[in-house]
Amino acid sequence: MSANKAARIGEEVWKTRIDKVNAELVTLTYGSIVAQLCKDMEGDYLEVNKQLEKMGYNIGLRLIEDFLAKTNMGKCANFRETAETISKIGFKVFLNITPTVTNWTTDGKQFSLIFEENPLADFVELPDDGRAQNELWYSNLLCGVLRGSLEMVQMQVDAHFVNDVLRGNEVTEMRVTLVRIIDDELPPGED
Amino acid sequence: MGILAIMVLNKAGGLIYQRDFNEGLKKLSSNDYLVLAGTFHGVHAITSRVSPVPGSGGLEIMESEHFRMQCFQTLTGTKFLIFAQPHQPNIDVIVKRVYELYADYVMKNPFYQIEMPIRCEAFDRNLLAYIQPRQ
């Protein structure tokens, strides 16, 4: 499946089958979750990252079914196709953004998603305590969503942010690595 | 014409949902339903392995004189089994819609535990509302 085709499907599904919700509601809800976590963890931003990832993971496990039911997607032939599908259909359908897929490693197992826009982070300025800028990955929930949803379709991935405009970086960039394909035809321990 | 029953199997072959839509069906004990689901899961796995065509997805339709069973397996491994009258048209469409209802009213219910039996009243209600007018 070409990138163009993915873009077309994403556009189509987003237009016809998705209930829209006010963007500010999403931004403010997410913002208050992150802020509350920072408070609860008493400024332990590494722990906040972890919690956000975990919450995203649990969302991903569920969201994948909605994604598949709405888009009628078949299996991706390779990881490159998966990347295009995530960007042009997944992010398009749920957040109305299409992060750019780039920086592939030669083995085709690792790529970056560059977010030109990020509805979760509109209006956000990280706390000025000298640590948040270096430790907090504000949108870390998204990494979890990818990990959870891909795990449900037999791909174990590692996803983490490497750059964030909130920290003063040029771009917001997430690195996604395919760890392995989960072959669960046999239950563990019976081979 | 009509839909007789719907079953949902989790990826391990466990029965997580079973519902009849027809009065005339023979009832099985809950244990027998579980056995039926588990057996089907096994047969499905075998059919996908013994198929002469590589990369085959396994048993999809089973027809008999009195009913037709269609299996739809999602990419996540969940199976939807629809039992219908032999000449029921558009089962594909029905299956897709049931999957959407499942995504909405089961998976999006934050208190539903994934892979566990489905006890979601809203799912029951919406499923019935969808199936009943088509009987």
Taking the stretch B:28-63 and keeping residues open to solvent by 50 Å² or more (accessible area, probe 1.4 Å), closer than 28 Å to B:Ala129 by Cα and touching a residue at least 12 places away in the same chain (Cβ under 8 Å) leaves B:Leu34, B:Leu36, B:Glu60, B:Glu63
Given (1) more than 16 Å from A:Ala3 (Cα to Cα); (2) in contact (Cβ under 8 Å) with a residue 24 or more places away in the chain, A:Asp107 misses just (2)
Condition set outside any loop (DSSP other than H, G, I, E, B) and in contact with a Ser or Thr (Cβ under 6 Å, 6 or more places away or on another chain), scope the stretch A:92-106, selection most open to solvent (accessible area, probe 1.4 Å): answer is A:Thr102
- Flag for B:Leu25 being more than 13 Å from chain A (Cβ to nearest Cβ), without any contact (Cβ under 8 Å) to a residue 40 or more places away in the chain and either in contact with a strand residue (DSSP E or B) (Cβ under 9 Å, 6 or more places away or on another chain) or surrounded by 15 or more Cβ atoms within 10 Å (Cβ to Cβ) (or both): yes
Mind checking whether some residue in the stretch A:123-136 is of a type in the set (Phe, Trp, Tyr) and open to solvent by less than 70 Å² (accessible area, probe 1.4 Å)?
-> no
Taking the stretch A:149-162 and keeping residues of a type in the set (S, T, N, Q) and surrounded by fewer than 18 Cβ atoms within 10 Å (Cβ to Cβ) leaves A:Gln154, A:Gln156
Next on the checklist: Quick check on B:Ile91: is it under 19 Å from B:Gly38 (Cβ atoms), away from chain A (no Cβ under 14 Å) and surrounded by 13 or more Cβ atoms within 10 Å (Cβ to Cβ)?
Outcome noted: no
Just checking, does the stretch B:89-104 include any residue being over 15 Å from the mean Cα position of the chain (by Cα) and within 25 Å of A:Met152 (Cβ to Cβ)? yes
Heads up, the helices (runs of 4 or more DSSP H) in the stretch A:1-85 (entirely inside) with at least 1 residues that are acidic (Asp, Glu) and surrounded by 13 or more Cβ atoms within 10 Å (Cβ to Cβ) are A:3-17, A:45-71, A:79-85
(1) open to solvent by 50 Å² or more (accessible area, probe 1.4 Å); (2) of a type in the set (Val, Ile, Thr); (3) under 23 Å from B:Lys27 (Cβ atoms) all hold for B:Ile82 apart from (1)
Among residues of the stretch B:97-119 being within 11 Å of chain A (Cβ to nearest Cβ), in contact (Cβ under 8 Å) with a residue 24 or more places away in the chain and open to solvent by 30 Å² or more (accessible area, probe 1.4 Å), the residue farthest from B:Glu65 (Cα to Cα) is B:Glu115
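The values are calculated or read from the model by the stated rules, or taken from the named source; none is laboratory data. These numbers were taken from a predicted model, which means no experiment stands behind them. Neighbour counts run over all protein chains shown; Cβ positions are idealised from the backbone, glycine included. Surface areas here come from the heavy atoms of the whole protein model, side chains and all, with no ligands, DNA or RNA. Shrake-Rupley method; radii C 1.70, N 1.55, O 1.52, S 1.80 Å.
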